[in-house]
Amino acid sequence: MNIIEIENKHTSGLYSKQNFAIVRGQGATLWDAEGNEYIDCSSGHGVANLGHAHPKVAAAVAEQAAKLVTLFETFPNDQRAALMEKLTALTPGLDRVFFCNSGTESVEAAIKFARLSTGRAEIVAAMRGFHGRTFGSLSATWNKKYRQPFEPLVPGFSHIPYNNIGALEKAVTEKTAAVLLEAVQGEGGVYPAEPAFLQAARQICSERGALLVIDEVQSGFGRTGKMFAYQHYGITPDMLCVAKSLAGGIPMGAVLLGPAVKNLGAGLHGSTFGGNPLSCAAAVAALTAMEEENLPQQAAEKGAYLMEKLRAIQSPNLREVRGLGLMIGVELKQKVAPYLKALQEKRIIALNAGLTVIRLLPPLVITYEQLDVVVAALRNVLSEERHQDEE
Ligand SMILES: Cc1ncc(COP(=O)(O)O)c(C=O)c1O
């Protein structure tokens, strides 16, 4: 079977395909169909915080698949109940939860819940923000590239400069249902929030009757050195959107709900697959493993190590290294596409965040030896200027 030919023939066209097929993973290592080994600094776009093929997640999925895969949330279930307890224990003050299947669905739900809770329609989001691609979350997303082809979008959304308290003060009015922010902007270039900004957002929302929604679809589950990035900032949001790593790689999203979230009457929102026993069992196993392996601490320590080594790289092409934990952006003075390609030739898979930022989101279980290989490869790749027309 020629995997690449078949995919190229049948693809929707929405993804620019690589020219090698990945068929297996373990920890932070991936293998292609020819048996070549890669270091994964992408985690499947931030999903594999626990590493690929975690044995406890694999065992939980296999066991639950043989027991009960699907069940609508009107019927209580042992795995869902266990997950509800486990997840809400990680987010003091947010003790109810809505389950869905992806990041964009969790943001979509939070937007609807904010309208239901406040009776207001408007959402204030941030420039450079990314919240997903369905119409509600796309309306909160900033980048024109994702928005423009699909206009008209949902009305009532505005965007302020991230980390700008004055702009937030002006934007939040008696019509604002919610302020929706990432604690660390991911797709937008890896920009952590300034503490004063998130704290001001919390205060302004509380004073003006708007809800604060934090989108941690990318920054959640240990990635930044705490279980959730907002926990660095001494605030509690009214809603927390999560997905990606929640179920150890099995598709799942959730919105955690604080006491200000109201009026969620039966049947007003829902999801066929949301809270299914298979994803719940995977998530219980994943969260248990994250705790047992002290995943947030691993991210804090390895992130500090990696950031220090990256900052020591001397290269005229390097503008800035920034991030929190193992959510790291390496901003170049040039477009990153040819640098990512050069890294790939050295068997390292990394991401971009916009045109000029290399984004490193390795599984948090990556080894120090692998981090050293990544640093050496980046040093080498950055030592040469690369043709900007290279794809
Ligand atoms: C912060 C943030 N929110 C929402 C999403 C959308 O998640 P999904 O692709 O699962 O719909 C993403 C995806 O990258 C994200 O980074």
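Taking 0.36 nm per residue of sequence separation and subtracting the Cα-Cα distance, how much length would be gained by fully extending the chain between M127 and A33, in nm to one decimal?
This chain segment gains 29.8 nm when fully extended.
Can you tell me how region 186-260 classifies by the Cα gyration tensor, rounded, prolate or oblate, using a/c under 1.5 as the rounded cut?
Here region 186-260 falls in the oblate category.
Could you check how many percent of all C-alpha pairs in region 80-156 are farther apart than 13 Å?
71
Among the trypsin sites (Lys or Arg not before Pro) in region 196-240, which ones are in a DSSP loop with at most 11 other Cβ atoms within 10 Å of the Cβ? Mind listing them?
Passing both the DSSP loop test and the Cβ count: no residue.
Using 0.36 nm times the number of residues separating L355 and E151, minus their current alpha carbon distance, what extension gain do you get?
Additional length available on full extension: 71.1 nm.
Taking the Cα centre of the chain as the origin and placing charges on Cβ (Lys, Arg +1; Asp, Glu -1), which of L318, T173, G44 is farthest toward the positive end of the dipole?
The one lying farthest along the dipole's positive direction is T173.
If each of T173 and A62 carries a label point 7 Å out from its Cα toward its Cβ, how far apart are those two points in nm?
Spacing of the two 7 Å Cα→Cβ label points: 5.9 nm.
Write down the radius of gyration of the chain and its Dmax, each obtained from C-alpha positions, in Å.
20.7, 61
May I ask what percent, to the nearest 5, of DSSP beta bridges between residues of region 58-191 are antiparallel?
10
Would you list H131, H10 from fewest to most Cβ contacts within 10 Å?
Going from sparsest to densest Cβ surroundings: H10, H131.
How do V154, V179, V261 line up, fewest other C-beta atoms within 10 Å first?
V154, V261, V179
Only Lys, Arg, Asp and Glu count, each charged at its Cβ (+1, +1, -1, -1), so figure out the dipole size of region 170-260 about its Cα centre, rounded to 20 debye.
60
May I ask you to derive the FRET efficiency for K346 and I3 from their Cβ-Cβ distance with R0 = 22 Å, giving the value to the nearest 0.05?
According to the calculation, E is roughly 0.45.
Among rounded, prolate and oblate, which fits region 199-357 when a ≥ b ≥ c are the square roots of the eigenvalues of its C-alpha gyration tensor, a/c under 1.5 means rounded, and a/b larger than b/c means prolate?
Here region 199-357 falls in the prolate category.
Out of region 1-110, which trypsin sites (Lys or Arg not before Pro) are coil in DSSP terms and have no more than 12 other C-beta atoms within 10 Å?
Hits after loop and neighbour filter: K17, K67.
Enumerate by residue number the chymotrypsin sites (Phe, Trp or Tyr not before Pro) in region 47-139 meeting two conditions: DSSP loop (anything except H, G, I, E, B), and at most 14 other Cβ atoms within 10 Å of the site's Cβ.
Answer by residue number: F72.
Give the shape of region 1-138 as rounded, prolate or oblate, defined through the alpha-carbon gyration tensor: a ≥ b ≥ c are the square roots of its eigenvalues, a/c under 1.5 means rounded, and otherwise the shape is prolate if a/b is larger than b/c and oblate if not.
It comes out oblate by the Cα gyration axes.
State, to one decimal in nm, how far the label point of E207 lies from the label point of T74, with both points 7 Å from Cα in the Cβ direction.
Label-label distance for E207 and T74, simple model: 4.6 nm.
Taking only the alpha-carbon positions of region 82-229 and ignoring solvent, what does the Debye formula give for the base-10 log of I(q)/I(0) at q = 0.10, 0.15, 0.21 Å⁻¹?
-0.32, -0.75, -1.52
Could you work out the Kirkwood radius for region 264-391, taking every pair of different alpha carbons, averaging 1/r and inverting it, reported in Å?
By the Kirkwood definition, the hydrodynamic radius is 16.7 Å.
Can you put H387, H54 in order of Cβ neighbours within 10 angstrom, beginning with the fewest?
H387, H54
Among the DSSP beta bridges whose two residues both lie in the chain, what percent are antiparallel, rounded to the nearest 5?
So the antiparallel bridges in the chain amount to around 65 percent.
Values in this text are rule-based calculations from the coordinates and carry no lab data. Remember, predicted model here, so these are calculated numbers, not experimental data. Every residue, glycine as well, gets a Cβ built from its backbone with ideal geometry; the counts of neighbours run over all protein chains shown.
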